[in-house]
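K.L.:
The following block contains the structure, expressed as structure tokens.
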Amino acid sequence: MEHKLTGQLYSGNDLAWRSKDKMHDLKVGFCETCGFHHAYPYPDNEFLSSYYSQYVIPFPLHQEEMYRFAGIVRSIMKPDSSIIDVGCGKGEMLRALREKGLNNLYGTEFGSMYDTSKKLEFATILPYDITQLCKWSSDKSKTFDCTVLINVFEHVPEPVSLMRQLKSIISPGGTLIFCVPNDFNRLQLTYLNKTKRKPWFLSLPDHLNFFNLNTIDGVMTKAGYEIVRKTVQYPLELFLLQGDDYIAEPEKGRICHEKRIAFENSFREIGAESDLEQLYEGFTGMGIGRDMYIIAKPTP
């Protein structure tokens, strides 16, 4: 695929987070071909395999968000619906899904992480990446009612191609549900314009793709899906604009997280979860929220 990056380009050396190896060749910009910001050229498979062989998830989904995401899945699935968590890690999301009453669970992992996840007794864990999973699905004539991916698409080269591949494992009438960061959102841009800092969220090489609520519809259309619902996590960047600058002062990050949890628990403690979800739907309409949850159906 020919990529065409336009607008402001960001240097890989400026954005490298935990590894500067080979980052000097990379730029990040908005790609007219793909319809979202991404790194270019994408790192090769040899580099990515080496990098991820030693990878530790820096900011895993917090338990509260795990259960919220699992609740969204449960709201549209039956207890015996077949659900696969692609890139299931240690199985945290699978555990949350089980606790929500879902019992037909699968997961995929490979490398050393598979050795951990395969020990789960309540789920079938497959040692495959996405391409291998699609071949297995075809060979076994096995598809799934719901395919789940938590923070996967921001890490992989050519994510639209992988989204298209995943259509083959989704049962007729089935659903794709995934979580990705909401980057280049208006709160982030306001903070950058105010402080003149570099975009901290462009954390190469961990993240290669940078979607947001304004671009994700076009991305999913290109991949052959129709979005049926979008929602978001709490917009943590609000703290940046209220004096709690956890970018300049990382020690404030934990304090901001605790404030966010206290805010959400205020609703949960009085049984007002629906009000909280309605608030997040409002944030979604404004284009703000730290991560976004996308529920989509394959189109013919």
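K.L.:
Based on this model, can you work out whether D115 counts as assigned to a loop (DSSP other than H, G, I, E, B), over 16 Å from the mean Cα position of the chain (by Cα) and of a type in the set (D, E)? Working first, answer last.
P.N.:
Values: assigned to a loop (DSSP other than H, G, I, E, B): no; over 16 Å from the mean Cα position of the chain (by Cα): yes; of a type in the set (D, E): yes.
Spelling it out, it is not the case that D115 is assigned to a loop (DSSP other than H, G, I, E, B), over 16 Å from the mean Cα position of the chain (by Cα) and of a type in the set (D, E).
K.L.:
Looking only at the range 243-264, which residues are loosely packed, with under 13 Cβ neighbours inside 10 Å and over 13 Å from W200 (Cβ atoms)? Can you show your working first?
P.N.:
Of all residues in the range 243-264, those loosely packed, with under 13 Cβ neighbours inside 10 Å come to 243, 248-251, 254, 258, 262-263.
Result: G243, E251, R254, E258, A262, F263.
K.L.:
Could you look through the range 97-112, keep only residues that are part of a loop (DSSP other than H, G, I, E, B) and within 20 Å of the chain's Cα centre (by Cα), and pick out the one that is modelled with the highest pLDDT? Can you show your working first?
P.N.:
Taking the range 97-112 first, the residues part of a loop (DSSP other than H, G, I, E, B) are 100-103, 109-111.
Still in the list and also within 20 Å of the chain's Cα centre (by Cα): 109-110.
Details: E109: 93, F110: 83.
Once the filter is applied, the top-ranked residue is E109.
K.L.:
Something else now. Of all residues in the range 118-140 being surrounded by 15 or more Cβ atoms within 10 Å (Cβ to Cβ) and of a type in the set (S, T, Y), which is nearest to the chain's Cα centre (by Cα)?
P.N.:
Here the answer is Y128.
K.L.:
Out of (1) in a helix (DSSP H, G or I); (2) free of Cβ contacts under 8 Å to residues at least 12 places away in the same chain; (3) exposed (fewer than 15 other Cβ atoms within 10 Å of the Cβ), the odd one out for P300 is which?
P.N.:
(1)
K.L.:
Got a sec? Which of F239, F184 is of a type in the set (F, W, Y), surrounded by 15 or more Cβ atoms within 10 Å (Cβ to Cβ) and assigned to a helix (DSSP H, G or I)?
P.N.:
Details: F184 fails: assigned to a helix (DSSP H, G or I).
Sole residue among the options that is of a type in the set (F, W, Y), surrounded by 15 or more Cβ atoms within 10 Å (Cβ to Cβ) and assigned to a helix (DSSP H, G or I): F239.
K.L.:
May I ask you to verify whether T147 is surrounded by fewer than 21 Cβ atoms within 10 Å (Cβ to Cβ) and of a type in the set (V, I, T)? Reasoning before the result, please.
P.N.:
On the way: surrounded by fewer than 21 Cβ atoms within 10 Å (Cβ to Cβ): no; of a type in the set (V, I, T): yes.
Answer is no for this residue.
K.L.:
Of the conditions (1) within 18 Å of L176 (Cβ to Cβ); (2) crowded, with 19+ Cβ neighbours inside 10 Å, T221 clears all except one; give me its number.
P.N.:
Failing condition for T221: (2).
K.L.:
Follow-up question, since we're still on this one. Go through (1) in contact with a Gly (Cβ under 8 Å, 6 or more places away or on another chain); (2) within 23 Å of T231 (Cα to Cα); (3) surrounded by 19 or more Cβ atoms within 10 Å (Cβ to Cβ); (4) not hydrophobic (A, V, I, L, M, F, W, C) one by one and return the number of the condition P159 breaks.
P.N.:
Condition (1) is where P159 drops out.
K.L.:
Take the range 118-157 and flag every residue that is outside any loop (DSSP other than H, G, I, E, B) and among the β-branched types (V, I, T).
P.N.:
Matches in the range 118-157: T124, I125, I130, T131, T147, V148, I150.
K.L.:
Give all pairs with beta carbons closer than 7 Å in which a residue from the range 212-232 that is at pLDDT 95 or above and in a helix (DSSP H, G or I) meets a residue that is buried (at least 16 other Cβ atoms within 10 Å of the Cβ) and of a type in the set (G, A, S); count only pairs at least 6 apart in sequence or on separate chains.
P.N.:
G218/G35; V219/G35; M220/A296; K222/G35
K.L.:
Mind listing just one residue for me: the one in the range 122-142 that is β-branched (V, I, T) and touching a residue at least 24 places away in the same chain (Cβ under 8 Å) and, of those, nearest to L102 (Cα to Cα)?
P.N.:
The initial filter retains those residues of the range 122-142 that are β-branched (V, I, T), namely 124-125, 130-131.
Applying the additional criterion that residues be touching a residue at least 24 places away in the same chain (Cβ under 8 Å) yields 125, 130-131.
Working: I125: 16, I130: 23, T131: 26 Å.
Of everything passing the filter in the range 122-142, I125 is nearest to L102 (Cα to Cα).
K.L.:
Within the range 246-269, which residues are under 14 Å from E64 (Cβ atoms) and of a type in the set (K, R)?
P.N.:
Result: K259, R260, R268.
The values are calculated or read from the model by the stated rules, or taken from the named source; none is laboratory data. Remember, predicted model here, so these are calculated numbers, not experimental data. Counting neighbours? That spans all protein chains shown, and the Cβs are built from the backbone with ideal geometry, glycine included.
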